[in-house]
Amino acid sequence: MSKTHYRKVFKSDHLSCADLEDLTEQNSDLIFTINQVRQEFGAKVAGKKIDANIAYFSENIKPLVLNATNSKTLKELSGSSFVDDWCNLTIQLYIDESASLMGTRVGGVRIRPKIFQKKKIEIVPENEELWNRAITAYKKSKSFDVIEKHAIITNENKQIIKELCDE
């Protein structure tokens, strides 16, 4: 049974605990790749204008406002204090029920202090969309290098794609 988090009514352009709970209900492992981090001045967050570091993800999810705790975690994971170096990190988010704001426990989105590797999906004919994308990529480059950076493909399926492209 799907339940509705009380925070859902408070629309937010940024990730919140309610969003993570929704993703968890969809069986997401909450592992995402940071596409970029931008320092935004006067960003509207929770109805207030603030200066903040905001992480944007490769996946289609809301951006995350990076508080001091999450910024320190990204600094540790990347080995750099510079937000420009936080790109392409694959991280896992979680809800920290003990997170507090001005002395009151409110819960918060946190970044696990370890780097994660995303599982590569296998390219098989049954997954038509991915299969067709692999064919298109192979036609362009006549190589499986780009494909294998993002997915797994067996030698048998490589041969099938080669034969289809040679027709």
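The values are calculated or read from the model by the stated rules, or taken from the named source; none is laboratory data. Keep in mind it's a predicted model, so treat the numbers as computed, not measured. We place every Cβ from the backbone using ideal geometry, glycine too, and count neighbours over all the protein chains shown.
Looking for something surrounded by 15 or more Cβ atoms within 10 Å (Cβ to Cβ) and over 23 Å from the mean Cα position of the chain (by Cα) - is there at least one such residue anywhere in region 140-150? Yes. When 53, 60 are checked against the criterion of being under 13 Å from residue 87 (Cα atoms), among the polar types (S, T, N, Q) and either touching a Ser or Thr at 6+ places or on another chain (Cβ under 7 Å) or surrounded by fewer than 14 Cβ atoms within 10 Å (Cβ to Cβ) (or both), a single residue qualifies: 53.
Quick check on region 137-144. Is at least one of its residues out of contact with any strand residue (DSSP E or B) (no Cβ under 8 Å at 6 or more places or on another chain), assigned to a helix (DSSP H, G or I) and of a type in the set (Lys, Arg)? Yes. On inspection, residue 71 qualifies as part of a helix (DSSP H, G or I) and small (Gly, Ala, Ser).
If you go through region 40-65 and keep only what is more than 10 Å from the chain's Cα centre (by Cα), assigned to a loop (DSSP other than H, G, I, E, B) and without any contact (Cβ under 8 Å) to a residue 24 or more places away in the chain, you end up with just 47. Applying the criterion of being assigned to a strand (DSSP E or B) and crowded, with 16+ Cβ neighbours inside 10 Å to the residues of region 13-39, the residue that is farthest from the chain's Cα centre (by Cα) is 37. Does any residue of region 83-90 turn out to be at pLDDT below 90 and assigned to a loop (DSSP other than H, G, I, E, B)? Yes: one or more hits.
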